[in-house]
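Working notes for the structure below.
The values are calculated or read from the model by the stated rules, or taken from the named source; none is laboratory data. Worth saying up front: this structure is predicted, and the values here are computed from it rather than measured. Cβ coordinates were reconstructed from backbone atoms using ideal geometry, including for glycine residues, and neighbour counts include every protein chain displayed. Side chains included, ligands, DNA and RNA excluded: accessible areas come from the protein's heavy atoms. Shrake-Rupley method; radii C 1.70, N 1.55, O 1.52, S 1.80 Å.
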Amino acid sequence: MTSTQETPAEELPFNVFARACPSRTTLEHVTGRWGGLTLGALYEGSLRFNELRRRVDGVSEKMLSQTLHALERDGLVHREAQPTNPPRVDYELTPLGRRVAERLLSLIDLVEGHMDEVMTARVRYDETRGGR
């Protein structure tokens, strides 16, 4: 198999469906609400913490900090601290983070592009189930 081809799933040493597999934790970091939005926002380019917080509307400072630490630990985000006063910290995607974010953004585009269908399904569901 050449290095440009992807390895079939059955040949991978990790299995996200196995409870103890570390890939499950990384998947949770990527697909969780704040992880996915953070990766998507950083796909546009390097951002400082407060810029990122404004871009990811609704995330608390604590949650963004935890999310960035997890994504950095997983090798998806790079943190660059500048020795200035006050300190300047920039966040950007690693090459792996860019590949993950590209796939995630494709999913986001798909969901956003079909929201009319989703909204129609929700109305139909609520009408047949008595609403929420």
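Could you say whether any residue in the stretch 74-83 is at pLDDT below 95, open to solvent by less than 80 Å² (accessible area, probe 1.4 Å) and either on the phi < 0 side of the Ramachandran plot or not acidic (D, E) (or both)?
yes
Here is a list of conditions, (1) at pLDDT 95 or above; (2) open to solvent by less than 50 Å² (accessible area, probe 1.4 Å); (3) of a type in the set (A, V, I, L, M), and M63 meets all of them except one; can you say which number that is?
(2)
Within the stretch 98-116, restricting attention to residues that are under 20 Å from R55 (Cβ atoms) and among the acidic types (D, E), which residue is surrounded by the most Cβ atoms within 10 Å (Cβ to Cβ)?
E102
Starting from the stretch 81-108, keep only residues that are under 12 Å from L42 (Cβ atoms), then list their pairs with residues that are exposed (fewer than 15 other Cβ atoms within 10 Å of the Cβ) and not small (G, A, S) whose Cβ atoms are within a distance under 7 Å, requiring at least 6 positions of separation or different chains.
D90/R48; D90/E80; Y91/R79
Only residues in the stretch 14-40 that are free of Cβ contacts under 8 Å to residues at least 24 places away in the same chain and closer than 12 Å to D74 by Cα count as the first member; pair them with residues that are outside any helix (DSSP H, G or I) and open to solvent by 40 Å² or more (accessible area, probe 1.4 Å), Cβ under 6 angstrom, at least 6 apart or cross-chain, and list the lot.
So the pair list comes out as S23/F14; S23/V16; R24/V16; L27/V16.
State which residue pairs qualify: first residue open to solvent by less than 80 Å² (accessible area, probe 1.4 Å) and inside the stretch 117-131, second residue at pLDDT 95 or above and in a helix (DSSP H, G or I) in any location, beta carbons under 6 Å apart, and separation of 6 or more residues or different chains.
none
Filter the stretch 86-97 for residues that are modelled with pLDDT of 95 or more and either over 16 Å from R73 (Cα atoms) or touching a helix residue (DSSP H, G or I) at 6+ places or on another chain (Cβ under 7 Å) (or both); which is most open to solvent (accessible area, probe 1.4 Å)?
Looking at the filtered set, the residue picked out is E92.
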